[in-house]
1. So for Trp58, Trp22, what's the accessible-area order with a 1.4 Å probe, most first?
2. For the chain, state what percent of all Cα-Cα pairs lands in each successive 10 Å bin, counting from 0 Å until the bin that includes the largest distance.
3. Kirkwood Rh, region 1-46, all Cα pairs: how many Å?
4. Give the relative contact order (percent, whole number) for region 12-88; include only Cα pairs under 8 Å separated by 6+ residues.
5. Tell me the label-point distance for the pair Ala38, Ser17, using the 7 Å Cα-to-Cβ offset, in nm and rounded to one decimal.
6. Of Ile79, Ile14, which has the most accessible area with a 1.4 Å probe, and how do the rest follow in descending order?
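The values are calculated or read from the model by the stated rules, or taken from the named source; none is laboratory data. Because the structure is predicted, anything quoted here is derived from the model rather than measured. A quick note on method: Cβ atoms are made from the backbone with ideal geometry, for glycine too, and the neighbour counts reach across all protein chains shown. Accessible surface areas use protein heavy atoms only, side chains included; no ligands, DNA or RNA. Shrake-Rupley method; radii C 1.70, N 1.55, O 1.52, S 1.80 Å.
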Amino acid sequence: MTERTALHEIAHTIGVSTGQGWSSLGGSGTWTGAQAGALVRQYDGSSAKLSTGGGHFWPYGLNYENEFSGTAADRHVRIVAAMVRDGL
């Protein structure tokens, strides 16, 4: 187990792909919650979006080992917390 794997799997226990709001807010292939969407735009520019599919999200979903960095881990945690505030 790596830190990346732990963070990724913890997100599932919090509701990524399992929460009641996952389908309604992410079922279209793009997360529509305002708070998590705003964070991704803050990080990556005004046209950035949070994509969803197969029970995962990206960017910052830490889906693969090569996505891990200290910055990505911090952003992952902040995005999951924002998803919860959005209604995940």
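1. The ordering from most to least exposed comes out as Trp58, Trp22.
2. Final binned percentages: 19, 57, 23, 0.
3. 11.9
4. 38
5. Result: 2.9 nm between the two label points.
6. Ile14, Ile79
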